[in-house]
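Step one of this worksheet: look at the structure below.
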Amino acid sequence: MKNLVVLTGAGISAESGIKTFRDEDGLWEGHDVMQVASPMGWKKNKELVLDFYNKRRRQLLSVQPNEAHLVLAELEKDFNVEIITQNIDDLHERAGSSNVLHLHGELLKVRSTFDEDLLLDWKGDLNIGDFCEHNFQLRPHVVWFGEAVPMMEKAIQKVSHADIIAIIGTSMQVYPAAGLVDFAQPKTPVYFIDPKPSIQENNHLTIFAEKAVTGVPKLAKELREKFN
């Protein structure tokens, strides 16, 4: 089976009702992003950061995967599908996708501030005083601004072995997705699903100028006809 690597961003989750946090003025839920998603913000006000992610976690547990997530999971019958997502939700997994790499961490996991490899599954609120086994405060397992993206090397490896690439719900102008595509083999076919595409089609790039829930089923149909 051909390797289909799918890069997904906030747009695919937004269609399930997940807020994309950042408003047009650049604020996240009324907060400057550095207050709630940076090591400095964490150091300054842990309660504010924990409250922000507790709200995100509660909201995530109230929504369901949408048609785009479900169709991507179905494609595993015909392709070796590897999803690289910038999203911290678990909607791909809940839809049935079995190979998901989270570039920016996972909302339903927390980690030790003493040992970043010590992860715990976490569905409730995370509070001051919730400690790891070494008696250190737990924090959201999310990559904050200014922190390294530990999964980047794995993502690059997957893209470099892709036979087909699909980009859904994330702009081709924003990193890391934009940078990842540079590691694809020359002439690898790329499919881009976005309601307002900022790029033009060419011999190797096909655009579906629509939302994920309608674009992904069309993509699946085309991939099956073309590559199976």
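Within the stretch 147-169, being open to solvent by 10 Å² or more (accessible area, probe 1.4 Å) and more than 18 Å from the chain's Cα centre (by Cα) holds for SER160, HIS161, ASP163. Criterion applied to LEU101, LEU120, LEU138, LEU108 was being open to solvent by 50 Å² or more (accessible area, probe 1.4 Å), in contact with a strand residue (DSSP E or B) (Cβ under 7 Å, 6 or more places away or on another chain) and not in a loop (DSSP other than H, G, I, E, B), and the one residue passing it is LEU120. If you go through the stretch 141-163 and pick out every residue that is out of contact with any strand residue (DSSP E or B) (no Cβ under 8 Å at 6 or more places or on another chain) and among the aliphatic types (A, V, I, L, M), you end up with 4.
Filtering the stretch 159-169 for residues that are in contact (Cβ under 8 Å) with a residue 40 or more places away in the chain, small (Gly, Ala, Ser) and touching a Gly at 6+ places or on another chain (Cβ under 9 Å) leaves a non-empty set. Flag: MET40 does not match the condition of being aliphatic (A, V, I, L, M), at pLDDT below 95 and not in a loop (DSSP other than H, G, I, E, B). Every listed requirement among (1) modelled with pLDDT under 95; (2) closer than 20 Å to THR8 by Cα; (3) charged (D, E, K, R) is met by ASP89 save one, (1). Considering (1) in contact with a strand residue (DSSP E or B) (Cβ under 9 Å, 6 or more places away or on another chain); (2) open to solvent by 40 Å² or more (accessible area, probe 1.4 Å); (3) closer than 24 Å to GLY146 by Cβ, the lone condition that GLU93 does not fulfil carries the number (3). Kindly evaluate GLU147 against the criterion of being within 19 Å of LYS46 (Cβ to Cβ) and either touching a residue at least 40 places away in the same chain (Cβ under 8 Å) or in a helix (DSSP H, G or I) (or both). It is true that GLU147 is within 19 Å of LYS46 (Cβ to Cβ) and either touching a residue at least 40 places away in the same chain (Cβ under 8 Å) or in a helix (DSSP H, G or I) (or both).
For the stretch 187-195, the criterion of a residue being within 30 Å of GLU225 (Cα to Cα), hydroxyl-bearing (Ser, Thr, Tyr) and more than 15 Å from the chain's Cα centre (by Cα) is satisfied by at least one position. Of the numbered criteria (1) touching a Phe, Trp or Tyr at 6+ places or on another chain (Cβ under 9 Å); (2) among the aliphatic types (A, V, I, L, M); (3) over 30 Å from TYR191 (Cβ atoms), the one VAL142 fails is (3). Filtering the stretch 170-194 to residues that are assigned to a loop (DSSP other than H, G, I, E, B), without any contact (Cβ under 8 Å) to a residue 40 or more places away in the chain and out of contact with any helix residue (DSSP H, G or I) (no Cβ under 6 Å at 6 or more places or on another chain) leaves GLN173, TYR175, ASP182, GLN185, PRO186, LYS187, THR188, PRO189. A Cβ distance below 6 Å, combined with a sequence gap of six or more or placement on separate chains, defines the contacts here; from the stretch 44-65, residues that are within 19 Å of HIS104 (Cα to Cα) reach residues that are open to solvent by less than 20 Å² (accessible area, probe 1.4 Å) and acidic (Asp, Glu) in the pairs LEU60/ASP89. The number of residues in the stretch 80-90 that are open to solvent by 30 Å² or more (accessible area, probe 1.4 Å) and part of a loop (DSSP other than H, G, I, E, B) comes to 2.
The values are calculated or read from the model by the stated rules, or taken from the named source; none is laboratory data. In this text the structure is predicted, and so the values were computed from the model without any measurement. Note that each Cβ is placed from the backbone with ideal geometry, even for glycine, and that neighbours are counted across all protein chains shown. The protein model used for the area step is the full one, side chains on, heavy atoms only, and it has no ligands, DNA or RNA in it. Shrake-Rupley method; radii C 1.70, N 1.55, O 1.52, S 1.80 Å.
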